[in-house]
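Student: Sharing a structure below in structure tokens format, with a few things to ask.
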Amino acid sequence: MELVNRVEIIVSSLEQREVIDILNSVRVPGYTLIENSSGKGDRGICYNDLGREFSNSYISTICTNQTQFEYLLRDILPILKTIGGICLITASNSQISDDFSPSLTSLNLSIPIMQEVQKVEIVIDTSHIEDALNILESVFVSGYTIIKDTSGKGDRGLASSDIDYGFSNSYIMTVCTNQKQLDNLVDKITPLLKKIGGVCLVTDAKWVNH
């Protein structure tokens, strides 16, 4: 296992193709794409309803060296500044094929200012998603991303979006920019999770401040 930078990018689905082209150009070993996610950011709300004109795409990848990381940040930053979105970085361990060795020449770039943040992931019964979002609004997070109809298993059994099941889960990701905000969020979300089940995961991260 080796330490890599995990990069999570959330942008308008209209910019999805351009971001994927950037990932291919810097030769990341692969990426995960989840289309039609909804959420809220500093430029308003994105929906994935059929009647809406736009939604967000969630893209996750890894950078295996600093040069690759700098290329990716250089190319993604203009999109974030113009269109909006988020680029979140966490340190992760990954097992990568020995055959993967991207040949990129260092740009000697100065890394854009990245802010230390806390990444918060909440998995909750979809029927209570509004309760969770009300809590996020009450602690004034800058935004959030929602991926509905996820399936899985927890201490209260299976959750699935299949017709055979009566309920499904939703995944919510947000960012806290200071400890007070994080403490308030944890204090308010804990009673809800104790009542209906679910999970709240907090990870040290950085985001590209644009």
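Student: If you take the residues of segment 30-47 that are part of a loop (DSSP other than H, G, I, E, B) and open to solvent by 60 Å² or more (accessible area, probe 1.4 Å), which of them is modelled with the highest pLDDT? So that I can check it myself, show each step before the final result.
Tutor: Kept after step one, since they are part of a loop (DSSP other than H, G, I, E, B), are these residues of segment 30-47: 30, 42-43, 47.
If we keep only those that are open to solvent by 60 Å² or more (accessible area, probe 1.4 Å) too, we end up with 42-43, 47.
On the way: D42: 67, R43: 62, Y47: 60.
Here the answer is D42.
Student: What pairs can you find where one residue is in segment 185-210 and closer than 30 Å to P78 by Cβ and among the polar types (S, T, N, Q), the other is open to solvent by 80 Å² or more (accessible area, probe 1.4 Å) and not in a helix (DSSP H, G or I), and their Cβ atoms are less than 9 Å apart, with a gap of 6+ or different chains?
Tutor: If the second residue must be open to solvent by 80 Å² or more (accessible area, probe 1.4 Å) and not in a helix (DSSP H, G or I), the pairs left are N209/I113.
Student: So, one more: Against the definition (under 18 Å from the mean Cα position of the chain (by Cα), over 25 Å from S12 (Cβ atoms), polar (S, T, N, Q) and at pLDDT below 90), how does S92 come out, yes or no? If you could, list the steps in order and put the result at the bottom.
Tutor: Numbers: under 18 Å from the mean Cα position of the chain (by Cα): yes; over 25 Å from S12 (Cβ atoms): yes; polar (S, T, N, Q): yes; at pLDDT below 90: yes.
Taking the combined requirement at face value, the residue satisfies it.
Student: Moving on. Give just the number: which of (1) out of contact with any Leu (no Cβ under 8 Å at 6 or more places or on another chain); (2) modelled with pLDDT of 90 or more does S57 not satisfy?
Tutor: Checking S57 against (1) out of contact with any Leu (no Cβ under 8 Å at 6 or more places or on another chain); (2) modelled with pLDDT of 90 or more, the one that fails is (1).
Student: While we're on this one: Which residue, of R52, R27, R74, is open to solvent by 40 Å² or more (accessible area, probe 1.4 Å), part of a loop (DSSP other than H, G, I, E, B) and modelled with pLDDT of 90 or more? Steps first, answer last, please.
Tutor: Numbers: R52 fails: modelled with pLDDT of 90 or more; R74 fails: part of a loop (DSSP other than H, G, I, E, B).
That would be R27, the only listed residue that is open to solvent by 40 Å² or more (accessible area, probe 1.4 Å), part of a loop (DSSP other than H, G, I, E, B) and modelled with pLDDT of 90 or more.
The values are calculated or read from the model by the stated rules, or taken from the named source; none is laboratory data. Source: prediction; values computed, not measured. All Cβ positions, even for glycine, are placed from backbone atoms using ideal geometry, and neighbour counts span all protein chains on display. Areas reflect the complete protein model, heavy atoms only, side chains present, ligands, DNA and RNA absent. Shrake-Rupley method; radii C 1.70, N 1.55, O 1.52, S 1.80 Å.
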